[in-house]
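Bear in mind these aren't lab numbers, they're just calculated from the coordinates by the rules spelled out. What you see is a predicted model, and the numbers here were worked out from it, not measured in a lab. Heads up, the Cβs are rebuilt from the backbone with ideal geometry, glycines too, and the neighbour counts pull from every protein chain shown.
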Amino acid sequence: MSKNGKNTRSKGATLKRRRPIASKLVKRMNGYVNGKVVDLKAFQMGKENAAELQKTVATREDLADHHPAHAIYVYAQNQVSVMSEQLTTLQEMDRFSRLISKAEDEYAPCGPPMSPLTTSFFTCWAFFDACVGLAQETIGTTTMAVGTAFGMDKELVRLIGLMQESRMGIYAHEGIQGDTVTLRELVTDTVCRALVPSGYRGRKGELWYVRVLPPALPDIEEHVVFTTPYVLMEPASDWHAYFDRTLPDAPAQDHVARYERLMKFGPARDFWTEFVFEAYLNHRDDVIFLKGLPDVAESRPHSSVNS
């Protein structure tokens, strides 16, 4: 995003990179469609499963309860969830299945008090950040490739692309304007006005660890805090020091790119999920509080050092 909060990444970039897993999957599915020998029973079961999964997608009535800026992303994520349920049963997606299943067993993501990993945080990580292979493929990129190959609505592909390009970030709360909260990202200095569907308004000066999605349509101005806010208890100076330690000196543009990569992928796949799990301090229904820094084990309440 640019300084005014608009997303400036090249559209369609997510699809242009070579994706080996997606390519194999599309080739296999094309074989089923074009092949002369078709297992009709399996095909019918697949259609029935897809129909059942579609029943879990938010209805027009459900979406009417959300602000339009939020509703459009809820629908897109629901469709990714349906596609994911279908695709991860295939052999080509085995690496994703094992990765996500292991994380679900380890973190039991459903929100406090069972787990500090909320459903919104975990599903975004699982679909759009948990990558495999040198091409850094995700369930999101695979869904886009398969959807594009088999006639998914182009607007839905575009929306999934916006979610795929998104990441978590650390933002300073700079005040409330009407129904929105003004957020400034700590490293990029990007400023935006964002809706917070969880209902948490916070107060000026707080630090939030959240996934902020850009306006999805030209007539929408508001960004969306898509995850339940994690409020960081350490001061901004400590987080600036963390980034100074973690990100090597580089020109401003490279520095931002390295920060964005760190926030999306981390040094390891479970870096940020582990941080949230170990840094949990307290919660309310609309917000979760985290204490500590990613590279100081003693600072996190539930790290192995403190256990």
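Classify the range 113-221 as rounded, prolate or oblate, taking a ≥ b ≥ c as the square roots of the eigenvalues of its Cα gyration tensor: rounded when a/c is under 1.5, otherwise prolate if a/b is larger than b/c and oblate if not. If you can, show how the numbers build up before the last one.
On the way: a/c = 2.16, a/b = 1.60, b/c = 1.36.
Prolate, because a/c is 1.5 or more and a/b exceeds b/c.
Could you list Leu87, Leu262 in order of exposure, starting from the residue whose Cβ has the fewest other Cβ atoms within 10 Å? Kindly include the intermediate steps, with their values, before the conclusion.
Details: Leu87 21, Leu262 18.
The most exposed by this proxy come first: Leu262, Leu87.
Scan the range 119-206 for chymotrypsin sites (Phe, Trp or Tyr not before Pro) in coil per DSSP, keeping those whose Cβ has at most 15 other Cβ atoms within 10 Å, and list them by number. Don't skip to the answer; put the middle values down first.
Working: sites: Phe121, Phe122, Trp125, Phe127, Phe128, Phe150, Tyr171, Tyr200; in loops: Phe150, Tyr200.
Within the range 119-206, the qualifying chymotrypsin sites (Phe, Trp or Tyr not before Pro) (loop, at most 15 other Cβ atoms within 10 Å) are Phe150.
What relative contact order, as a whole-number percentage, does the range 135-234 give when Cα pairs under 8 Å and 6 or more residues apart are counted? Could the numbers behind the result be given before it?
Working: 170 pairs, mean separation 22.9, N = 100.
Relative contact order for the range 135-234 comes out at 23 percent.
How big is the equivalent ellipsoid of the range 168-299 along its three axes, where each semi-axis is √(5λ) from the Cα gyration tensor, reported in whole Å from largest to smallest? Mind dumping the intermediate values first?
Details: eigenvalues 108, 71, 35 Å².
Listed largest to smallest, the semi-axes of the range 168-299 are 23, 19, 13 Å.
Quick one: 3J(HN,Hα) in Hz for the range 203-216, Karplus 6.51/-1.76/1.60 with θ = phi - 60°, rounded, Gly and Pro as x.
Residue by residue, the range 203-216 yields 9, 4, x, 5, 10, 10, 9, 8, 9, 9, 9, x, x, 7 Hz.
So how far apart, in nm, are the two label points at Arg95 and Asp179 if each is 7 Å from Cα heading toward Cβ?
Here the answer is 4.2 nm between the modelled labels.
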